[in-house]
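Data block below; observations after.
The values are calculated or read from the model by the stated rules, or taken from the named source; none is laboratory data. All figures in this text were calculated on a predicted structure; none of them were measured in a lab. Here the Cβ positions follow ideal geometry from the backbone for every residue, glycine too, while neighbour counts run over all protein chains shown.
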Amino acid sequence: MCIPLDDVAVPSPVLPGERGAAVASLSPLRLYRRVETAGILVLTAVGEVDTTTTPILDKELDHIAAQPSVRAVVVDFSSVTFLGVAGMELLLRAAGCAAVRRREFALVVGNPAMWRTLEITGAEPALLCYGSLHEAVEAAATHSQYLAAIGKTGETRVSTDGNADET
């Protein structure tokens, strides 16, 4: 179950030369949030995602999840230099929460070593991973439109025998 945490004051300076609002500027992880297109929010992470910085990312993802206007979240890790187990677990949990809410959750992975880590740990098939932000945003837009259409016509449920049933 995804329950947003209470808001805690986090510095939000807009840094020179950066697009969007800085969510957290604590080293060694910085987060920037911006709306790419209607309903698609891009969260860019810069730095390391490990046990000390995962709570910052977790708090921001919970905050985003609580916003009803967000149809899709694209998490841009193209500038992440390290992804630890805690960060990987958080991504898997966030993707699961997004699926429950019928939202798209996409991950941009720009680092070949991070791709390899996701593959080795078995996390890669569970996440929608893309090689570029443009590719992820396009896919998120297409998929979120599809999810919205399903929501208007009825729910699709997968039964225990693996067949999809329209209700």
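Within region 28-45, the only residue that satisfies the criterion of being over 18 Å from residue 63 (Cβ atoms) and in a strand (DSSP E or B) is 37.
When 98, 66, 113, 126 are checked against the criterion of being of a type outside the set (Asp, Glu) and either touching a strand residue (DSSP E or B) at 6+ places or on another chain (Cβ under 7 Å) or at pLDDT 95 or above (or both), a single residue qualifies: 98. Checking each residue in region 93-143 for being assigned to a helix (DSSP H, G or I) and small (Gly, Ala, Ser) picks out 94, 95, 96, 98, 99, 113, 126, 136, 139, 140, 141. The residues of region 61-92 that are assigned to a helix (DSSP H, G or I) and under 22 Å from residue 39 (Cβ atoms), listed by number, are 61, 62, 63, 64, 65, 91. Does residue 106 satisfy the condition of being free of Cβ contacts under 8 Å to residues at least 40 places away in the same chain, over 15 Å from residue 35 (Cα atoms) and out of contact with any Asp or Glu (no Cβ under 6 Å at 6 or more places or on another chain)? No: the conditions fail for residue 106.
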